[in-house]
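Asker: Here it is, the structure in full.
The values are calculated or read from the model by the stated rules, or taken from the named source; none is laboratory data. This structure is a prediction, so every number in the text was calculated from the model and none was measured. Because the Cβ atoms are built from the backbone with ideal geometry, glycine has one as well, and the counts that use them run over all protein chains shown.
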Amino acid sequence: MITAVDTNVLLDIFGADPKFGHTSSEALRDCLQEGAAHACEIAWVETATAFPNPQTCKQMMEKLTIEFSPITEETALLAAKAWHQYRKDGEKRERVVADFLIGAHALLQCNRLLTRDRGFYRKYFKSLHIIDPNVTYTQSR
């Protein structure tokens, strides 16, 4: 089982977010017990901006055993298709292409996505299995 990890979960963990850090950490731990955790280059870049330098980010990602998983051509084209649908739907321009790349990567190159942003991904990647640490780990207590 390969779990794609969204930037928001990584930032929750690395930043020790007081609201989401614990549940995101628990969810990632459980996902790792079931298999590997991958993050595409978009999630790596977005996460690295929270560190003083890229090497520190790399070391921390390795410590968590988050594997670097580059986006394929097929994934890029699916992201573009989802982006076009988003714009056709007349949505506000709150989303950037990077969000669509993360969703397409999770759908085509992994088995599921660990994210707190389930509504957006469910709408544009309907068959994507989503794990929301906020729902799963808050409701189970």
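Asker: Quick check, is G103 at pLDDT 95 or above and either under 18 Å from N8 (Cα atoms) or not aromatic (F, W, Y) (or both)?
Answerer: Considered against the rule, which asks whether it is at pLDDT 95 or above and either under 18 Å from N8 (Cα atoms) or not aromatic (F, W, Y) (or both), G103 comes out as yes.
Asker: Sticking with this one: Given the condition aliphatic (A, V, I, L, M) and within 15 Å of the chain's Cα centre (by Cα), answer yes or no: does some residue in the range 14-25 qualify?
Answerer: Within the range 14-25, none of the residues are aliphatic (A, V, I, L, M) and within 15 Å of the chain's Cα centre (by Cα).
Asker: Continuing with this model, one more query. Can you name every residue in the range 14-29 that is assigned to a helix (DSSP H, G or I), farther than 13 Å from T65 by Cα and not hydroxyl-bearing (S, T, Y)?
Answerer: F14, G21, H22, E26, A27
Asker: Can you name the number of the only condition in (1) touching a Ser or Thr at 6+ places or on another chain (Cβ under 8 Å); (2) over 14 Å from T3 (Cα atoms); (3) in contact (Cβ under 8 Å) with a residue 40 or more places away in the chain that F125 fails?
Answerer: Unmet for F125, out of (1) touching a Ser or Thr at 6+ places or on another chain (Cβ under 8 Å); (2) over 14 Å from T3 (Cα atoms); (3) in contact (Cβ under 8 Å) with a residue 40 or more places away in the chain: (1).
Asker: Name the residues in the range 6-37 that are at pLDDT below 95 and under 18 Å from G119 (Cα atoms), would you?
Answerer: Within the range 6-37, F20 is the sole residue that qualifies.
Asker: Taking the conditions exactly as written (at pLDDT 95 or above, surrounded by 15 or more Cβ atoms within 10 Å (Cβ to Cβ) and part of a helix (DSSP H, G or I)), does T3 satisfy them or not?
Answerer: No; evaluated as a whole, the condition is false for this residue.
Asker: Can you tell me which residue within the range 31-51, out of those that are in contact with a strand residue (DSSP E or B) (Cβ under 7 Å, 6 or more places away or on another chain) and over 12 Å from T7 (Cβ atoms), is surrounded by the fewest Cβ atoms within 10 Å (Cβ to Cβ)?
Answerer: Filtering the range 31-51 for residues that are in contact with a strand residue (DSSP E or B) (Cβ under 7 Å, 6 or more places away or on another chain) and over 12 Å from T7 (Cβ atoms), the one surrounded by the fewest Cβ atoms within 10 Å (Cβ to Cβ) comes out as G35.
Asker: Quick test of your reading of the structure: T3 fulfils all but one of (1) among the β-branched types (V, I, T); (2) out of contact with any helix residue (DSSP H, G or I) (no Cβ under 7 Å at 6 or more places or on another chain); (3) in contact (Cβ under 8 Å) with a residue 60 or more places away in the chain. Name the failing condition by number.
Answerer: (2)
Asker: Another question, if that's okay. Run Y86 past the list (1) hydroxyl-bearing (S, T, Y); (2) modelled with pLDDT of 95 or more; (3) out of contact with any strand residue (DSSP E or B) (no Cβ under 8 Å at 6 or more places or on another chain) and report the number of the one that doesn't hold.
Answerer: (2)
Asker: Assess whether E46 counts as being on the phi < 0 side of the Ramachandran plot and either outside any helix (DSSP H, G or I) or basic (K, R) (or both).
Answerer: no
Asker: Considering only residues that are surrounded by fewer than 22 Cβ atoms within 10 Å (Cβ to Cβ), of a type in the set (A, V, I, L, M, F, W, C) and closer than 16 Å to N134 by Cα, which ones fall in the range 14-30?
Answerer: A16, F20
Asker: So which of A16, A39 ends up being free of Cβ contacts under 8 Å to residues at least 40 places away in the same chain and at positive phi?
Answerer: Going through A16, A39 in turn, just one is free of Cβ contacts under 8 Å to residues at least 40 places away in the same chain and at positive phi: A16.
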